[in-house]
1. Within the range 54-79, restricting attention to residues that are closer than 14 Å to residue 104 by Cβ, assigned to a loop (DSSP other than H, G, I, E, B) and in contact (Cβ under 8 Å) with a residue 12 or more places away in the chain, which residue is most open to solvent (accessible area, probe 1.4 Å)?
2. Is it true that some residue in the range 20-42 is of a type in the set (A, V, I, L, M), in a loop (DSSP other than H, G, I, E, B), open to solvent by 90 Å² or more (accessible area, probe 1.4 Å) and modelled with pLDDT under 90?
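The values are calculated or read from the model by the stated rules, or taken from the named source; none is laboratory data. Note that the structure is a prediction, hence the values are computed from the model and not measured. For neighbour counting, all protein chains shown are included, and Cβ atoms are generated from backbone atoms with ideal geometry for every residue, glycine included. Side chains are part of the model used for accessible areas, which takes the heavy atoms of the whole protein and leaves out ligands, DNA and RNA. Shrake-Rupley method; radii C 1.70, N 1.55, O 1.52, S 1.80 Å.
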Amino acid sequence: QMVIDTNGNVGIGTTSPNTGKLVVEGVPYVVTNSGQAIGGIDITSNASGANTYSGAISFGSTAIGRAAIAGVQESSDADTQGLAFFTHGSGTGAADADERMRITRGGDIQIPTNSAKIQLRSSGSAAYTSIFRNVNNDLIISRNYYYGFC
């Protein structure tokens, strides 16, 4: 079932989509013994092949300049799916978004070296620990890196 309420909110699987513009309710996400996941929202594409992006969710406030999260087929085997995270820089117009991070099918987090910077912060703290590589590709780990200097 699908409803559109008087405020323009869309509900799928619910008659009361009062918590957002799109509310989807259904069965919980379950990983089956065949390796396929069921439940939740399924976003697919008909593209396939090694390093091909598949279904995606994009975010933005205009018709261009979108950030996104997309599935990525990592080899010729269609079951090898990772996640790719994209950003879109200011002033680039309709130019392509840049992949800034990937979580591989094996759980590795990959960040391109030209933007490899990770900042970790304890809950309720203004101090950061930064892990990043400099222009010489040297690994740098610093403690108590203050947020205001990032």
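1. Per the stated criteria, the residue is 79.
2. Let us first name the residues in the range 20-42 that are of a type in the set (A, V, I, L, M), namely 22-24, 27, 30-31, 37-38, 41.
Next, from what is left, pick out any that are in a loop (DSSP other than H, G, I, E, B): 27, 41.
Filter again for open to solvent by 90 Å² or more (accessible area, probe 1.4 Å), leaving 27, 41.
When the remaining residues are screened for being modelled with pLDDT under 90, the result is 27, 41.
For the range 20-42, residues of a type in the set (A, V, I, L, M), in a loop (DSSP other than H, G, I, E, B), open to solvent by 90 Å² or more (accessible area, probe 1.4 Å) and modelled with pLDDT under 90: present.
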